[in-house]
Amino acid sequence: MTKLASLLPGRNISVRLALYLFLMNGTILIVSSAIGYPFIGNIIKENTAYYAEHYIRSMNNEINFYIQDIDFMTLSLFFLDRNLFGLLNDDVRRIELQSYFDGFKNSRDYIDDIFLVNKHLQVGGTSSAYRDKLIRSDIYRSIMRSEGELVVSPIGPAGFVMNTDKAKEQVLFLGRRIKSPQTNETEGVVIVTVPANRIAQIIAKEEKRYDETILLIDRNAHIIYNPNPADRDAAKRLANMPPLSPGASYRSQDGYLYITGKSDGPNTMEIVGFIPEKALLKDAAAIRNIQIALNLGMLLIAMTMALLIAYRFLKPIIQLAYYMRQIGNREWLPYRAKTTDDEIGFLIRCFNEMIDRLQDSFERLAAEQEKKKQAEMRALQAQINPHFIFNTLNTIRWLAKMGRGEQVFEMITSMNEILVGAFQLNQPIITIGEEIGYLKRYIHIQQMVHPDKIEVVYELDEAILNKRIARLCLQPLVENTILHGILPKSGPGTIRITGRAEEGHVIIAIADDGVGSPPLPPSSGKGERERVGLYNVDKRLKLYFGEAYGVRLSSAEGKGTTVTVALPE
């Protein structure tokens, strides 16, 4: 009887604590489990939408990379050779044009064919095509109805190709109408085909947990590609879906979760997804049932443990908990207290070991972050503009064909020195004087390619030549200046490169008197292709020297462009 009396709540604090804990927590947990179902469902929706948005955004970015490259390629073809469409008048030069396009195709494994149609309806490209079928195709008609923007046509067979095997292959069609900037008259049409299986590889998902549907749509919300043709209601759901609110990435409508993943560039095409809400709520119900079962089990365990713990063991635990709560406001020091060989002493020792492991983890994390930073800097440094290499090698080929061996030797020598400097990844930082040396070799190549077109003036203080700069930072900036400022200009242009020390910084300015451009909003997505080099340089400088340094661009249409580079003194 005495032993039984000792277990009464009024006589035993451990029993009383166990009952209090059981009654209080039991009531809270049961009520929270009952009312938490809608809350859990909303959390699952939000989390699913969040991860699906990022997943879809990564697919959008990959597709957008291809589209931007094709967009830039089709837009720049006319500027690379103003008589490009005229080459179709001559059978011999048509073969040269095919070889020219083969170079573009071979350097981009996601391009299947490139076709050219001039204003006289003469056709050429990487594959032979039936003219009548081509000009009657949906893509050609869509391009002729456009105003010069990049046009996308749904995936289908390229029936106008003479090769019967290729004519049956499923491809995505893209193209644009090229207008002369002088007369604003149509010079011709460029059509590019992309293998459908390349698009399918991007959109394909190995496991569909929620019976989701992923679609590729154009800017008018028309379906370009549906990996599940059996889903006949996809187009109807897409048409009934109202526009998303500004800044929103998903919307719940008619029992479906509609998710978009906006890419970082202009959206000629976009990938979207539909997830049935019923599939999501199945997980919510399962989580609720598991939660109830776990809560009951935990309550029983807690009551049993409370019966075995005496009050004298609770006090040091409370003190330890207080110290743990305060640990964030002080240095990570071990808990100094009188330890015993029982469970409390074990907890204190484990806590101290945890502090030691946390300190080691933080040190390893800091080291890993530094390695990640170094890897990112190396990756950025290793980027080389393929257009520069391609154009230079193409020029060397023609110079060699014309027997101009001395110029070929000079150009290969300069290009070799530039590439040797580019691939010295173990020495990412050099002096401004060395960087100017690489830059002069690059400009020498450009002046040989474009004689009497480019004049460069250097105004550099001698005092800054031994200051530090990231390797090959100035060449991409000058390349943008030449390609987008000087070459589109009628007549020769001048590039002025100045450098000086100013208020504890080194300022290098690259100014040109080229065509310039109007100011663009940062998020407009326009002109991003011209600024890939600017982004690379700005990113590297910030990684090497800090956020206070980098690249700034100012431009005025018809007046020229100035790029300013800020470096530590």
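Does VAL515 qualify as being in a loop (DSSP other than H, G, I, E, B), in contact (Cβ under 8 Å) with a residue 12 or more places away in the chain and surrounded by 15 or more Cβ atoms within 10 Å (Cβ to Cβ)?
yes
Considering only region 82-117, state which residues are touching a Ser or Thr at 6+ places or on another chain (Cβ under 9 Å) and not acidic (Asp, Glu).
Once the filter is applied, which keeps residues that are touching a Ser or Thr at 6+ places or on another chain (Cβ under 9 Å) and not acidic (Asp, Glu), region 82-117 yields ARG82, GLN98, PHE101, PHE104, LYS105, ILE111, ILE114, PHE115.
Anything in region 51-62 that is more than 10 Å from the chain's Cα centre (by Cα) and at pLDDT 70 or above? List them, or say none.
Within region 51-62, ALA52, GLU53, HIS54, TYR55, ILE56 qualify.
Answer yes if at least one residue in region 535-552 is at pLDDT 90 or above and of a type in the set (A, V, I, L, M), and no otherwise.
Yes, region 535-552 has at least one match.
For VAL457, state whether it is part of a strand (DSSP E or B), among the β-branched types (Val, Ile, Thr) and farther than 30 Å from GLY546 by Cβ.
yes
Among the residues of region 227-237, is any modelled with pLDDT of 80 or more, assigned by TED's automatic domain parsing to the domain that holds LEU121, assigned to a loop (DSSP other than H, G, I, E, B) and farther than 18 Å from GLU53 by Cα?
No, region 227-237 has no match at all.
Inside region 99-118, can you point out the residues that are of a type outside the set (D, E, K, R), surrounded by fewer than 18 Cβ atoms within 10 Å (Cβ to Cβ) and either without any contact (Cβ under 8 Å) to a residue 12 or more places away in the chain or within 13 Å of ALA129 (Cβ to Cβ) (or both)?
Matches in region 99-118: SER99, ASN106.
Here is a list: ARG141, ARG108, ARG176. Which entry is of a type in the set (Lys, Arg), outside any loop (DSSP other than H, G, I, E, B), within 20 Å of LEU84 (Cβ to Cβ) and in the same structural domain as ASN220 (by TED's automatic domain parsing)?
ARG176
Mind counting the residues in region 178-205 that are within 22 Å of the chain's Cα centre (by Cα) and modelled with pLDDT under 75?
Of the residues in that region, 2 qualify.
The values are calculated or read from the model by the stated rules, or taken from the named source; none is laboratory data. Just so we're clear, the structure is a prediction, and the values are computed from it rather than from any experiment. Using ideal geometry, Cβ is built from the backbone for each residue, glycine included, and neighbour counts are taken over all protein chains shown.
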